Amino acid sequence: MSTIAMPEPDAGVLARAPQIIAALEAALPAGTVISSPEETRAYECDALTAYRCPPLAVVLPRTTEEVATAMRVCHELRVPVVPRGAGTSLAGGALPTADSVVIGTMRLREILEVDTANRFIRVQTGVTNLAVSAELEVEGFFYAPDPSSQLACTIAGNIAMNSGGAHCLKYGVTTNNLMGVRIVMATGDIVELGGPLLGVSGLDLVGLICGSEGQLAIVTEATLRIVPKPEGARPVLIGFDSAETAGECVGRIIRSGLLPVAIEYMDDVCLRAVEAFVKAGYPNCAAVLIVEVEGSEAEIDHQIERIRLIAEELNPVEFRASRTAEESLAIWKGRKSAFGAMGRLGDYLCLDGTVPVSKLPHTLKRIGELSKAYGLEVANVFHAGDGNMHPLILFNANAPGELERAEEFGADILRLCVDAGGCLTGEHGVGIEKRDLMTKQYTADDLAIQMEIKSVFDPAWLLNPAKVFPLEVSQPHRDAAARCP
Amino acid sequence: MQTNFTDTQLADPATRRSNEILRSCVHCGFCTATCPTYKVLGDELDSPRGRIYLIKDMLENNKVPDERTVMHIDRCLSCLSCMTTCPSGVNYMHLIDHAREYIEKTYKRRWEERALRWLLAKILPHPGRFRLALIGARLARPFRKFLPDARLRAMLEMAPDHIPPASENDRPQSFSAIGARRKRVALLIGCAQRALNTDINDATIRLLRRHGCEVVIPKGMGCCGALTHHMGKVEESHTMAAANVRAIVHELDGEGLDAVVINTSGCGTTVKDYAHLLRNHAIADDASRVAALAKDVTEIMANLGLNDPFHAEPLRVAYHAACSLQHGQQIRSAPKELLRAAGFEVVEPRDSHICCGSAGTYNLMQPAISSELRIRKVATIEATRPQVISAGNIGCMMQIGSATEIPLVHTVELLDWATGGPKPRSIANSVAVKMRELPACRC
């Protein structure tokens, strides 16, 4: 298919497929195991559709105990397991292998406990991100991390990828808002880590689980920090006639000491697509920033005025402060719909690198130059406040060779991010997409430590195979695991 | 999303259209979040994204679909909630319609399934036959527990206690405008609705006349074709749609028409899509003209502006958004604004974007999922403590009405009442509407 290699499936597992499926069906309630080839095909990829492979079977448990049963069966039969939330990963985090069993969390949908006095909510992890905040709405609270796919993505996936979102500039990413987890180990053992208390003593094992991309365990329940909703919040929209000036404006806002809830960036290519869908009346210019501030009306007015003074020094083509809830929604809707709306321009590859905010103008300039060199258009839409970039490379999936060219372009952009002092991923995770670039970011020793930690949790290396660690780097660990009885 | 069709396959216009639709999908998964069947079943195969995958596989490989694929596609309500959610503008409606047509042509259903679908296609679109069937069903209802098939039991359970006689108003004729004529409109009198409830058309005619419309019931109109269309029975649906197009064009080219008014939003979604439905038909141009004139009754009323309301009691109304209205036609605010303008207090249930499970013949063909959706819908509506429930689609009215004591009316019945018409029958007959003791609102 294309440039990122996946290992050969284990012939032994493939040969035992009927027995494996029978064992899962015998151990789990009817309607939990999916194994017909027509049906497993729908689970062959997530939102990174360039890589596809139907799994051996899909298991959709309804309880932690059923997850544990499925894990135990797979462990006993030495079958790789691919955890899956809502399948919205852009990094291929839920890509199956032909010899794997997908265990989905989408039926784990209970809200277990809401405690506003102690500021937490406990949920099963198949609950969607937005459903958590919806549950808290009447109480006047919300769950802060808000990835653009928050309508559909699950808490399980958010924890696996340590997801961020527009509002993370102020409130932090998932790991800053995760207090405890209930996990199912590769062996099927159920373990509780952390809980609804601050400052738990000992090693931060919850922090270890968060962002581990399904390499260590499957998270079935989570205790999440909730925060009271601010009295109000309003975005401003600032348009610039050059990408670099917009990047410069971000740096100046942060440098001034202001801490907006979010600073979002969209360039002209993205604006065109979004305008066609939302019709928010975005200005026709090279780049816009959406800066949201929150607090009381007086605080909001004060902060907007300071942002206006900063922006005006850079001669914006437009400065529009939202006055009503409807205007705020319209401004945000375009940003939140950006990724899907890009589909209107063609196929795209969505990247997720992070650079220091001060390096934004330089990085945007270099991406523009690379775009010309590769002959592929790129749209930039990202969380500018924390330098988390999402260049979307446009290509035609039905044209031979274009995907490979887009991938090379993408890899160059991610190398550019690392060279600028940033990193490969802000929030989407490594998955398979950035797997082979991990050696650019980390030394061999760094990776060895990470793999040793994985071996503690998953000695047989059965969980989410072929992700995160470059295949040649993980080969010795996988070989050792295969020799293990 | 990448597709793999051969040039030969793409020579077929229907496949070419489906290829365009599939290419616009980026597989982002947003649609899963608002799909009612995914919410109930929790399997991606029962979500739009999963179904799109099944359809893609079936069409690309010219497959005779297997039983499981057909099951997942059959489970789609066609509520089109996914189209409201989709940021990429994927036209799921045209894709699933093509899939249904393809399945109907290539897949042989079991005999009892075929018999059932044949029966529904022969009865529902014909009000005379449907009325007889309803009377028969009411008589047979006490014996339903002896029936082996849940779908047959669901059909008997659905038969209402009161089956009205055919209304004189539904015959071809013209009703003059009251006062100066502002518009001349044709009314789509529908099929199943006419047999189940004659009050809706009566109220629509009164309301439109009172607002300066001459209302024409053209000769030769019948079912819009939606019922058979959603079963993949293309020939029947095209024949019915074409008959309506001819009947309406006859009026249009005669005395002229300003609009074709539809008060069953399920039909409205289909009539508005006539241009696509009949695009390869000899009367494609006429079909486009009719589709362009099609308006939901609340659209036309919003355009006309409501007369001063003076007549109705200021009840607390829970507005149920029919999927065909909110998703199929993207009409969300007009009905609520009209009800408010008519003096009612309007409340909306939580998850109003989720289907009630009626969905044409869905409640008959998929009773288990439909019943679960009905339970959820009625619970959210009742939580708003309404005195009356209002909806713009007969299917939803039957579905929700069968599970609540709260009176249920069509939106036009309330608008008609407020501007001088009679008190809607179900409110007049209801003991649930207590004016003095308004229950406290929880929302």
- Message: Quick test for you: out of A:Ile263, A:Ile253, A:Ile300, pick the one residue that is buried (at least 16 other Cβ atoms within 10 Å of the Cβ) and either under 29 Å from B:Ser88 (Cα atoms) or among the acidic types (Asp, Glu) (or both).
- Response: A:Ile263
- Query: Which one of A:Glu404, A:Glu318, A:Glu326 is within 14 Å of another protein chain (Cβ to nearest Cβ), in contact (Cβ under 8 Å) with a residue 60 or more places away in the chain, surrounded by fewer than 22 Cβ atoms within 10 Å (Cβ to Cβ) and not small (Gly, Ala, Ser)?
  - Reply: A:Glu404
- Of residues in the stretch A:226-245 being small (Gly, Ala, Ser) and touching a helix residue (DSSP H, G or I) at 6+ places or on another chain (Cβ under 8 Å), the one farthest from A:Thr175 (Cα to Cα): A:Ala243
- Task: Could you list, in sequence order, all residues of the stretch B:138-162 that are part of a loop (DSSP other than H, G, I, E, B) and surrounded by 18 or more Cβ atoms within 10 Å (Cβ to Cβ)?
- Result: B:Ala159
- Note on the structure: Within the stretch A:99-144, restricting to residues that are among the small types (Gly, Ala, Ser) and crowded, with 18+ Cβ neighbours inside 10 Å, the one that is farthest from the chain's Cα centre (by Cα) is A:Ser100
- Just one of the numbered conditions (1) among the charged types (D, E, K, R); (2) in contact with a strand residue (DSSP E or B) (Cβ under 9 Å, 6 or more places away or on another chain); (3) assigned to a helix (DSSP H, G or I) is not true of B:Arg181; which one? (3)
- Of the residues B:Arg279, B:Arg332, B:Arg340, which is closer than 27 Å to B:Arg117 by Cβ and among the charged types (D, E, K, R)? B:Arg279
- Message: Between a residue in the stretch A:202-214 that is within 20 Å of A:Val82 (Cα to Cα) and any residue that is in a helix (DSSP H, G or I), which pairs come within a Cβ distance under 6 Å, given they are 6 or more apart or on different chains?
- Response: A:Cys210/A:Ile159; A:Cys210/A:Thr174; A:Cys210/A:Thr175; A:Glu213/A:Ala160; A:Gly214/A:Ala160
- So which residues in the stretch A:38-56 are facing another protein chain (nearest Cβ under 10 Å) and either of a type in the set (S, T, N, Q) or more than 19 Å from the chain's Cα centre (by Cα) (or both), if there are any at all? A:Glu38, A:Glu39, A:Thr40, A:Arg41, A:Ala42, A:Thr49
- Of all residues in the stretch B:339-363, count the ones that are farther than 20 Å from B:Leu315 by Cβ and surrounded by 21 or more Cβ atoms within 10 Å (Cβ to Cβ). 10
- Task: Quick one: in the stretch A:331-349, of everything that is more than 15 Å from B:Gly89 (Cβ to Cβ), at pLDDT 80 or above and in a helix (DSSP H, G or I), which residue is farthest from the other protein chains (Cβ to nearest Cβ)?
- Result: A:Ile331
- When the stretch B:25-45 is checked residue by residue, the ones that are in a helix (DSSP H, G or I) and either at the interface with chain A (Cβ under 7 Å from one of its Cβ atoms) or within 13 Å of B:Cys355 (Cα to Cα) (or both) are B:Phe30, B:Thr32, B:Ala33, B:Pro36, B:Thr37, B:Tyr38, B:Lys39, B:Val40, B:Glu44, B:Leu45
- Message: Going residue by residue through the stretch B:107-122, is there one that turns out to be touching a residue at least 40 places away in the same chain (Cβ under 8 Å) and within 14 Å of chain A (Cβ to nearest Cβ)?
- Response: yes
- Just checking, how many residues over the stretch A:329-343 are surrounded by fewer than 23 Cβ atoms within 10 Å (Cβ to Cβ), touching a residue at least 40 places away in the same chain (Cβ under 8 Å) and over 22 Å from the mean Cα position of the chain (by Cα)? 1
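Return yes or no: is B:Asp12 away from every other protein chain (no Cβ under 11 Å) and over 21 Å from B:Tyr107 (Cβ atoms)?
Judged against the criteria, B:Asp12 is not a match.
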- Have a look at A:Leu364, A:Leu394, A:Leu376, A:Leu416 and point out the one that is touching an Asp or Glu at 6+ places or on another chain (Cβ under 9 Å), assigned to a helix (DSSP H, G or I) and in contact (Cβ under 8 Å) with a residue 12 or more places away in the chain. A:Leu364
- Quick one: would you say B:Arg49 is at the interface with chain A (Cβ under 10 Å from one of its Cβ atoms), within 24 Å of the chain's Cα centre (by Cα) and more than 24 Å from B:Arg109 (Cα to Cα)? yes
- Query: Which is more than 11 Å from every other protein chain (Cβ to nearest Cβ) and in a loop (DSSP other than H, G, I, E, B), of A:Gly93, A:Gly31, A:Gly87?
  - Reply: A:Gly93
- Query: Taking the stretch A:327-367, which residues are out of contact with any strand residue (DSSP E or B) (no Cβ under 8 Å at 6 or more places or on another chain) and closer than 21 Å to B:Thr85 by Cβ?
  - Reply: A:Leu329, A:Ala330, A:Lys333, A:Lys336, A:Ser337, A:Gly340, A:Ala341, A:Gly343, A:Arg344
- Top-ranked residue of the stretch B:52-92 - restricted to ones that are among the hydroxyl-bearing types (Ser, Thr, Tyr) and over 22 Å from A:Ala47 (Cβ atoms), ranked as farthest from the other protein chains (Cβ to nearest Cβ): B:Ser78
- Query: What do you reckon, is B:Arg350 more than 22 Å from the chain's Cα centre (by Cα) and of a type outside the set (S, T, N, Q)?
  - Reply: no
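The values are calculated or read from the model by the stated rules, or taken from the named source; none is laboratory data. Bear in mind that the values here come from a model prediction, so they are computed numbers and not experimental data. Here the Cβ is made from the backbone with ideal geometry for all residues, glycine too, and neighbour counts use every protein chain on show.
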